[in-house]
Amino acid sequence: QIESSGVTRIAGAYYHSLFLKSDGSLWAMGYNFDGQLGDGTTTTRTSPVQIESSGVTSISAGNYHSLYVKSDGSLWAMGRRCGRDK
């Protein structure tokens, strides 16, 4: 078991996963070779790491990148070839 409650959305891709909790927090785990977890490192995470503490409404994961939308409508990208890292 990864989380006992509060998960509202999940997204998974090539060796990494994201989940969104009911408080709007964004969490990520898995391989992070291209920074796709968005934690500012390229460290692989075997346990969830919090990326945003609140305000996230939607998530998506690609092979080497991740995307999310915040409640103000802004779009954020993490990982390979995203224009800029979070």
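Here is how the numbers come out for the structure above:
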{"quantity": "Counted residues, region 48-58 - those being open to solvent by 70 Å² or more (accessible area, probe 1.4 Å) and either assigned to a loop (DSSP other than H, G, I, E, B) or small (Gly, Ala, Ser) (or both)", "calculated": "1"}
{"quantity": "Failed condition for Cys82, given (1) open to solvent by less than 60 Å² (accessible area, probe 1.4 Å); (2) more than 20 Å from Gly24 (Cα to Cα); (3) of a type outside the set (Gly, Ala, Ser); (4) modelled with pLDDT of 95 or more", "calculated": "(4)"}
{"quantity": "Residue that is at negative phi and free of Cβ contacts under 8 Å to residues at least 12 places away in the same chain, where the choices are Leu20, Leu75, Leu26", "calculated": "Leu75"}
{"quantity": "Selection count, region 9-39, where residues are in a strand (DSSP E or B) and either exposed (fewer than 13 other Cβ atoms within 10 Å of the Cβ) or aliphatic (A, V, I, L, M) (or both)", "calculated": "8"}
{"quantity": "Qualifying residues in region 61-76 (those that are modelled with pLDDT of 95 or more and open to solvent by less than 40 Å² (accessible area, probe 1.4 Å)) - the one farthest from Leu18 (Cα to Cα)", "calculated": "Ser74"}
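The values are calculated or read from the model by the stated rules, or taken from the named source; none is laboratory data. Owing to the predicted nature of the structure, the values given are computational and were not obtained by experimental measurement. Cβ sites come from the backbone with ideal geometry, for glycine too, and all protein chains shown count toward neighbours. When the accessible area is computed, the model is the full protein with side chains, heavy atoms only, and any ligands, DNA or RNA have been set aside. Shrake-Rupley method; radii C 1.70, N 1.55, O 1.52, S 1.80 Å.
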